[in-house]
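Have a look at the structure below before the remarks.
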Amino acid sequence: MSFLRGKRFWALATMVAIVSILTPATASAQVRLFNYDILSSVVQVDEVEPLKPIVIAGTRNGTFSGCVGVESSAAIKGLKAVMSPLSGSAGEIPADAVQVRYATSWGGNFGRWEPRGLDILHETPPAAVSDRKQSLAGVWVTVTVPAEAAAGKYSGQLTVEAEGLAPQTLPVELTVAEWTVPETQQWRTWIEMLQSPDTLAVEYDLELWSDRHWEMIARSMQMIGQMGSRVVFIPLISQTNQGNEQSMVRWVRKADGSFSFDYSIMEKYLDMAEKHMGKPKMVVFYAWDTCMIVREQRPTVDPKAPAYTQQQQVLAQKRWDLQQKGITVTVVDEATGEAKTEYVPHLTAPESRPRWQAIFDHARKTMQQRGLEDTMVLGMITDEQPSREQVQVLHEISGGLPWISHCHPGRMRGRPPVGNKMLHGIADVRYEAHVYNMRWEADPAKKRNYGWQTPELRAFFGRHGIPNGHPLTVRMLPELQITGYQRGVGRIGADFWYVMKNPRGQRSGAVYARYPENMWRNLNIDSWLLAPGADGPISTARFENMREGLQECEARIFIESVLLDEQKKARLGAPLATRAQKVLDDRQRAMWRSIWTNEEHLKIIGSLGVHGNARNPQEAIWQALSSAKVDLPQGRDAQQMKSGEFSKGVQWFAKSDWQQRNADLYNIAAEVQKKIGR
């Protein structure tokens, strides 16, 4: 069965085969159910096979999904689905642990980076789903398995109906393993998802920091917390690269012209984060951005340079002009309460130091009271970085805080996590999400690596909308890193969907597009795992796949942590240890075969770890094949080969019984857990 883009046809033999599952339809439309995989990017249904049960493999304290599709030659209206209780010999899954949602596409109104397929997971049925060629919707069943649930098989029934589709029922089969997914606060796979208050304000036309705005922020944070992300950004400056219109610390101008400071927004944002995400692991005090770059002279524009170069030179001029004005912050008039963006003197100005010192003193006191002082870091470094003088000032007034970096080149490899003094020999860099210099391992028989143990905190930054890509790609991102040389994935947008619209009404830019002086070129945040729902941010197919992928990572890490401990491994015994390693190795091979199906090539490649300049796994494969002197096509033919390998890999993986591999993973984790007495 193929769900890839192609010519639509309904062969007579196929119609005969599925006649038993068709329900009476109106004269104007044929409405059918079809099976599809949560790993599938459904854009068109080319053929329909007899319905099969929805099969879900899970384990305790985890969240898992299965789905069925609805196809119609006209608009789908009146879509509704009801899920019965899930029960079996082991007991029953409570009804409130099962959620039914409705998947639709983004509608094709994006300039770029639009997620494909049935991605948006609506919590209530859409009034209508329409496409002029073929209308498609999905019905997702998502089960959050209680931590105390008994292992075993559970079954229930999903009933789906719509106009032209009489109520139709299909089985839902859930298998629960005995291993327990740790609470997200204990996850060891690094995930950094960024929340955007301004996207929510613009999308829903809300006043910043109004009660309704805070409700939206809470919804985003709840979902970010489900992903195990614990990074919180506190912008101390305004109009940032993340699109923050206002600073979260407000400068209150008094009648005599002096300033006091209002910390209420910062405090409430931290309150919300702790309540809905959990205790942060990193709180970034955003105090520097690219518009603050110091240059001795105003840049010039070369009229003979290429258009892109001239564009960047003009932007550099704008940054230079802004740098002369100072730093943008939110200033509130004490008398009127009106908030405006204004310029205050730059960091190194004599009058600035006592003001910024007061801000950081209060921030440190606040963090001490919350038990979060050790989580404090400074931001933001990108390919550009502060001047030595700026770093020195911020280092002194912040009490020596380290920095974080989102950049192209990886700079931390081999450097100590504390005391690296990477910024002008003055300040440490604690964490970086980077694009280049990624390293992975494709063949566990030749070498195994454990990225989750990497001393320095480095993460894969998938620019160019990689987290907006195919659900399988998104699902595998974390496990690719922890079996390579990275701790996880960073700089992922949560609710950073494109909210700015062009004259044609297309979603053409994120909130940061309002502030070109702080654009980071192709390092801007161009991914989002949440979607705009009717009443606030909601989940997506990609979000659910990454969450399941992270749960798989945690099972893997649990098993590997035992296998790497000689005493614990001895308690397992050789047969169990061998079986556990085989389950992990089989997963790794399957993961890489989904990226590149040519088995001869994969044999040639061996260990990809020696190829350290790749930006993505396919590029790593290409580099390895090139180094091995494999005859490869060039130009457009090379792109076609890569695209073809990806398509074949996705199809292979979907048909390779991946659910059974997951069941094997969770079951072997349960055996290991029992054996070591945890």
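The values are calculated or read from the model by the stated rules, or taken from the named source; none is laboratory data. Because the structure is predicted, anything quoted here is derived from the model rather than measured. We place every Cβ from the backbone using ideal geometry, glycine too, and count neighbours over all the protein chains shown. Heads up: the accessible areas ignore ligands, DNA and RNA and are worked out on the full protein's heavy atoms, side chains in. Shrake-Rupley method; radii C 1.70, N 1.55, O 1.52, S 1.80 Å.
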**Fill in**
When restricted to I621, I595, the only residue more than 25 Å from E548 (Cα to Cα) and either touching a helix residue (DSSP H, G or I) at 6+ places or on another chain (Cβ under 9 Å) or at pLDDT 90 or above (or both) is I621
**Asked** So which of V429, V418 is among the β-branched types (V, I, T) and loosely packed, with under 15 Cβ neighbours inside 10 Å?
**Response** V418
**Asked** in a loop (DSSP other than H, G, I, E, B), touching a helix residue (DSSP H, G or I) at 6+ places or on another chain (Cβ under 8 Å) and at pLDDT 95 or above, is that true of I38?
**Response** yes
**Fill in**
By my count, strands (runs of 3 or more DSSP E) wholly in region 333-437 with at least 1 residues that are more than 26 Å from I265 (Cα to Cα) are 403-407, 429-434
**Message:** Given the criteria at pLDDT below 90, aromatic (F, W, Y) and either in contact with a strand residue (DSSP E or B) (Cβ under 8 Å, 6 or more places away or on another chain) or open to solvent by 20 Å² or more (accessible area, probe 1.4 Å) (or both), does Y269 qualify?
**Reply:** no
**Message:** Among the residues that make up region 464-475, is at least one of them over 20 Å from L118 (Cα atoms) and in contact (Cβ under 8 Å) with a residue 60 or more places away in the chain?
**Reply:** yes
**Asked** Filtering region 75-103 down to residues that are outside any strand (DSSP E or B) and open to solvent by less than 30 Å² (accessible area, probe 1.4 Å), which residue is nearest to L174 (Cα to Cα)?
**Response** A97
**Asked** Within region 130-162, how many residues are assigned to a loop (DSSP other than H, G, I, E, B), at pLDDT 95 or above and surrounded by 14 or more Cβ atoms within 10 Å (Cβ to Cβ)?
**Response** 5
**Message:** So A127 passes all but one of these: (1) aliphatic (A, V, I, L, M); (2) open to solvent by 10 Å² or more (accessible area, probe 1.4 Å); (3) more than 21 Å from A74 (Cα to Cα). Which condition number does it fail?
**Reply:** (3)
**Request:** Might you let me know whether region 592-599 holds any residue that is touching an Asp or Glu at 6+ places or on another chain (Cβ under 7 Å), open to solvent by less than 40 Å² (accessible area, probe 1.4 Å) and closer than 22 Å to K446 by Cβ?
**Result:** yes
**Prompt:** Say we look at region 436-458 and pick out the residues that are among the aromatic types (F, W, Y) and touching a helix residue (DSSP H, G or I) at 6+ places or on another chain (Cβ under 7 Å); which of these is least open to solvent (accessible area, probe 1.4 Å)?
**Reply:** W440
**Request:** Scan region 349-400 for residues that are open to solvent by 10 Å² or more (accessible area, probe 1.4 Å) and under 27 Å from the mean Cα position of the chain (by Cα) and jot them down.
**Result:** E373, D374, T375, D383, E384, Q385
**Prompt:** For region 462-473, does any single residue satisfy the condition of being outside any loop (DSSP other than H, G, I, E, B), within 26 Å of S508 (Cα to Cα) and of a type in the set (S, T, Y)?
**Reply:** yes
**Asked** Of the conditions (1) in contact (Cβ under 8 Å) with a residue 12 or more places away in the chain; (2) part of a loop (DSSP other than H, G, I, E, B); (3) surrounded by fewer than 18 Cβ atoms within 10 Å (Cβ to Cβ), W106 fails just one. Which one is it?
**Response** (3)
**Asked** Which one of these is aliphatic (A, V, I, L, M) and within 23 Å of the chain's Cα centre (by Cα): L194, L158, L206?
**Response** L194
**Message:** Among the numbered criteria (1) modelled with pLDDT under 95; (2) in a strand (DSSP E or B), which one does Q44 miss?
**Reply:** (2)
